[in-house]
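So the structure is just underneath, and the comments pick up after that.
The values are calculated or read from the model by the stated rules, or taken from the named source; none is laboratory data. This is a predicted model, so every value here is computed, not measured. As a convention, Cβ positions derive from the backbone with ideal geometry for all residues, glycine included, and neighbour counts pool all protein chains shown.
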Amino acid sequence: MHRPDHVTAKANFDGLGHNGYQGRNPTLGIPATIVTVDQGNEFSEGLSRLCEEAGLTLVKGDYNQIKDAVRLLGGQTLGLDVKNLFINGSFRFWQRWQSVTLNGAIDITASRWKVHTGTGGVGTISKQTFAPGAAPHVSLGESYLQWAQTTGGTGVRMEQRLESMEELDGQNLTEGFWLRVTSGTLSLTPRLAQDFGAGGSATVVVTGTPITVTTTWTRFKNVFAVPSISGKTLGAGRFTALGFTAPDGATFTLQVAGAQANLGSLDLPFQRVSDAIDYLRLSRFEWKTYAVDVDPSTVTTVGCLCGDDTGVQCESMNTPFPVPMRTTPAITYFAPHTGAVGSIERPIGSASVVNSTSFNSEKQTGAAVTAVSSGIYRAHAFYDAEL
């Protein structure tokens, strides 16, 4: 950069000896300071590179980009203005397990992300971490998803189910992913599905133009024109699934990072939402008493519920959630001292089977156990309200 150095620059404009700009004054014969070609290019190119280094795609007319770039490069997020409709788009949170092998099933892997290894298919999905400096872009953070499909299946796909249908009606919806395979190439087809829920209309599926994933990290994007829901019947638990499909029968090792979904047709760069905000968004669908990176059924007392009751019902197991959950959750209890599923520790060192829940709603829950001696109890729990 440099300060104005044209002959029309105003000398010592700030009293510190620096040149500056001056306006035209025809009465005094003072010309306006001209922005030279060199300085104009420095302004535009320097600020453009600042935005691009922060992971932003330049958008003409977006006056907030320089502000956003400075905040992102300073380690901040873009506040509560969350443009990314995907929750856990950075693949930071793996609440259920850090690695899971699916045999023809569709299940949550990274939090909020469902993978279907297909009918007859087998695959292992695991959390991976970029080596320092190895991420394809500075905005992506440290984590990515790895999907090793070892046996080909039918109906293979990966998706996130957005709790949105009316809000997306007739809109354009853009999805983007950073993708690579460890060997060869892999064709993937972008996919949007409107599932109208229990008692609703038949599912509507829209596909995009197939993409070819190579061994080089590359960002792919697709714009969907979301079909209108006019005339459709909306049932309970409806959602819009967004993701991609893989070829039937294919085996591959696919790596996925930086997932972005936003309204409109603009190819917005990946927005890495702060962990704190993303965790609260995630907690509407799943929550647990274990630490974030600890798999349920792990033998540990850290974070467990505990109390001292005089009767067979552990009323003090009443658990308020960080945010109201999407619906009344399904609850799985674990005994901290053994990791046994469906049990709590009561009295200390003994497993008691949970036989019912009370106070169970989207805001809080409690539990009743089999008739055992009263006293101190400990318990872990996982609360599931996923779509």
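Take T151 and tell me if it is touching a residue at least 60 places away in the same chain (Cβ under 8 Å), farther than 25 Å from V294 by Cα, surrounded by fewer than 22 Cβ atoms within 10 Å (Cβ to Cβ) and among the hydroxyl-bearing types (S, T, Y).
Working: touching a residue at least 60 places away in the same chain (Cβ under 8 Å): yes; farther than 25 Å from V294 by Cα: yes; surrounded by fewer than 22 Cβ atoms within 10 Å (Cβ to Cβ): yes; among the hydroxyl-bearing types (S, T, Y): yes.
It is true that T151 is touching a residue at least 60 places away in the same chain (Cβ under 8 Å), farther than 25 Å from V294 by Cα, surrounded by fewer than 22 Cβ atoms within 10 Å (Cβ to Cβ) and among the hydroxyl-bearing types (S, T, Y).
So that you can scan it fast, the table gives a plain yes or no per residue for (1) of a type in the set (G, A, S); (2) surrounded by fewer than 17 Cβ atoms within 10 Å (Cβ to Cβ); (3) modelled with pLDDT of 95 or more:
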{"residue": "F177", "(1), (2), (3)": "no, no, yes"}
{"residue": "F196", "(1), (2), (3)": "no, no, yes"}
{"residue": "G199", "(1), (2), (3)": "yes, yes, yes"}
{"residue": "A202", "(1), (2), (3)": "yes, yes, yes"}
{"residue": "T209", "(1), (2), (3)": "no, yes, yes"}
{"residue": "T212", "(1), (2), (3)": "no, yes, yes"}
{"residue": "W217", "(1), (2), (3)": "no, no, yes"}
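E142 falls short on exactly one of the conditions (1) surrounded by fewer than 20 Cβ atoms within 10 Å (Cβ to Cβ); (2) more than 30 Å from D293 (Cα to Cα); (3) not aliphatic (A, V, I, L, M), and that condition is (2).
For the stretch 27-64, how many residues are among the small types (G, A, S) and either at pLDDT below 75 or under 20 Å from H137 (Cβ atoms) (or both)? Walk me through how you get there before you give the answer.
Let us first name the residues in the stretch 27-64 that are among the small types (G, A, S), namely 29, 32, 40, 44, 46, 48, 54-55, 61.
Right, trim to either at pLDDT below 75 or under 20 Å from H137 (Cβ atoms) (or both) and you get 40, 46, 48, 54-55, 61.
Number satisfying all stated conditions: 6.
Would you confirm whether any residue within the stretch 72-84 is under 29 Å from Y279 (Cβ atoms), in contact with a strand residue (DSSP E or B) (Cβ under 8 Å, 6 or more places away or on another chain) and either modelled with pLDDT under 70 or surrounded by 14 or more Cβ atoms within 10 Å (Cβ to Cβ) (or both)? Yes, the stretch 72-84 has at least one match.
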